[in-house]
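Data first, discussion second: the structure below is written as structure tokens.
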Amino acid sequence: MADELKEGGKGGKGGKGGKDGKVGQPGKGAPAQPTAKGKGKDKTPAGAVDHAPKAAEGTPRLQEFYEKTVRAKLQKDFGLPNKHQVPRVTKVVLNIGMGDAGKNPKQLEAAVEELGLITGQHAVVTRAKKAIANFGLRAGMPVGATVTLRRARMYEFLDRFITLAIPRIRDFRGLPNRSFDGRGNYTFGIKEQMIFPEIDFDKVEKIHGMDITIVTSTERDDLAMALLRELGWPFRGETPQRVA
């Protein structure tokens, strides 16, 4: 029995288990076991789902309609020699003003979250630039939230607003056609954020409105108005164009 323990303690030429007290470690003469480097980390198991948000593939429907139909029509109607002179929408700005945001931070957080749901982009908290004693306002206090949309998200928002949000407005008779600022930009207001289908009625803490500004690349109001009209904008007293 003592001889068997002695022979097992040596571990042979390829093992160091007898001297160091470690069993199962290969020696110098033993072949190394193949190891997979990084295969377990890099390889995604079957059926796994990536929950991270990704950009939508393809061109938005409204942008494609503008490039294929609206641009050529506006160039022909206004006799523009260069296609780059045709107006286009450059950005859309959504702004929520809350005078009591400093006293009710929860309402401001709710407004920021709602803007994120509506636009698919995180909102920025706006702060006062100077102090006004009569309003109890100090410089740097939060006064609202804003979002600026460009490119694909801008077209997606306009498409959803025209086709889904506007039909949900009560007693809707068209948007004003005199809200241009003389430089080709269009601004209008909304009384309730409930018109957007992304808003859950049960989670709304306070009903508030917002201002939406559509900035175009032209300095002429008539060109900007024609652009919005061709995109299906429902001006007051007019029948909106139908986007194919």
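The values are calculated or read from the model by the stated rules, or taken from the named source; none is laboratory data. Quantities reported herein were computed from a predicted structural model and do not represent experimental measurements. Reconstructed Cβ throughout: ideal geometry from the backbone, glycine too, with neighbour counts over all protein chains shown. When the accessible area is computed, the model is the full protein with side chains, heavy atoms only, and any ligands, DNA or RNA have been set aside. Shrake-Rupley method; radii C 1.70, N 1.55, O 1.52, S 1.80 Å.
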Carbon/sulfur fraction of accessible area - region 168-240, other protein chains in place, 1.4 Å, %: 45
Dipole magnitude (debye, nearest 20) for region 71-163, charges at Cβ of Lys, Arg, Asp, Glu: 500
Can you give me the long-range amide H partners of Met141? Hydrogens built in the peptide plane at 1.01 Å from N, cutoff under 5 Å, separation of 5 or more residues or another chain. Ala128
So the carbon and sulfur contribution to the accessible area of region 59-140, 1.4 Å probe, in percent, is 50
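Under 27 Å between C-alpha atoms is the cut-off here; go through region 58-109 and count lysine pairs that meet it, provided they're at least eight residues apart or on different chains.
On the way: Lys68/Lys76; Lys68/Lys83; Lys68/Lys91; Lys73/Lys83; Lys73/Lys91; Lys76/Lys91; Lys83/Lys91.
Value for region 58-109: 7.
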Taking a ≥ b ≥ c as the square roots of the Cα gyration tensor eigenvalues, with a/c under 1.5 meaning rounded and otherwise prolate when a/b beats b/c, else oblate, which class fits region 71-204? prolate
Sorting check: for 172-181, 210-219, 132-141, which peptide has the highest mean count of neighbouring beta carbons within 10 Å, and how do the rest follow? 210-219, 172-181, 132-141
Residues of region 185-223 with amide nitrogen under 15 Å from the 7 Å Cα-to-Cβ point of Asp100? 205-209
